[in-house]
Amino acid sequence: MTKIGLLLACAFIFGAVIGSFLNVCIYRIPAGLSIVRPASRCPKCLEPIRWYHNIPILSWVLLKGRCAYCEVPVSIRYPLVEALTGILFTLFLYRFAFNPVTLVFWLLCATLVVISFIDLDHQIIPDVISLPGIPIGFLCSFAVPWVSWQSSLLGILAGGGVLLVIALGYELLAKREGMGLGDVKLLAMLCAFLGVRAVFPIIFLGSVLGTLVGVPLMLLKKSDGKLAIPFGPFLAAGALIYGFFIQFWDPLMRWYGVALMDIWRSIFS
Ligand SMILES: [Zn+2]
């Protein structure tokens, strides 16, 4: 195996181990439980999970998705969260190499995995994650070369403000809550990390992804169009895609601007 391959493999394993801890956070934070104590137990037989039954992904496969003691089925989501975190860590190490910005994105990935799965389960984004995430994102922005601290501060205001206006406007018009205030705080947090220039790309990518996933789901479920699909996971994915492809965004926008100008000219000249 080449040196790079070995490093990427290490990043995957490290990510999977972190993912194992994120599973605990996803389960315990909405229930208001401590994420450090007690050690993990089987929810059915209450037998503590031994370390050799807690190896990310592998243990689930070897135990065929069952508790080692009472054989109650263990959800496939546990190894999937571990694999997802491992893949994200590998991708960002590959993208930014050994650089402080990689650590920032690992922190952001881990936070967003927890937020996304809690949002999927409970349709909430816990304040205990998103609110401290705002000052933490501001501090982390010093390690992100293309985000100045001014941009981070503006991002918090704009990210929070833009969605707040949309959320309140929708509520006023539709007389029901379309987008939770949790999404507003999440976008403020994301833009604390990624700067004010990320506000539009994140909302744009989040909406596109949300539509691509949401519309087929609505058709499948034949719902009345009021199917509540949480927006948080799509904002999270949008932020990570934007960060990963950061160098393509400005040329793309320039190209888009030029293309619009061309259409404009061809119509009015
Ligand atoms: Zn058990």
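The values are calculated or read from the model by the stated rules, or taken from the named source; none is laboratory data. These figures come from a predicted structure and were not determined experimentally. In this analysis, Cβ positions are derived from the backbone assuming ideal geometry, glycine residues included, and neighbour counts consider all displayed protein chains.
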Tally up the residues in segment 201-223 that are part of a helix (DSSP H, G or I) and farther than 19 Å from ASP119 by Cα, please. 6
Those residues of segment 65-86 which are within 12 Å of the ligand (Cβ to nearest atom) and under 26 Å from the mean Cα position of the chain (by Cα), in sequence order: VAL74
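State yes or no: is PHE105 more than 16 Å from the ligand (Cβ to nearest atom), within 21 Å of ALA237 (Cα to Cα) and not assigned by TED's automatic domain parsing to the domain that holds PRO145?
The answer is no for PHE105.
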Please indicate, with yes or no, whether at least one residue in segment 26-40 is within 16 Å of the ligand (Cβ to nearest atom) and touching a Phe, Trp or Tyr at 6+ places or on another chain (Cβ under 8 Å). no
Given the condition more than 16 Å from the ligand (Cβ to nearest atom), within 19 Å of THR111 (Cβ to Cβ), among the aliphatic types (A, V, I, L, M) and buried (at least 17 other Cβ atoms within 10 Å of the Cβ), answer yes or no: does some residue in segment 52-64 qualify? no
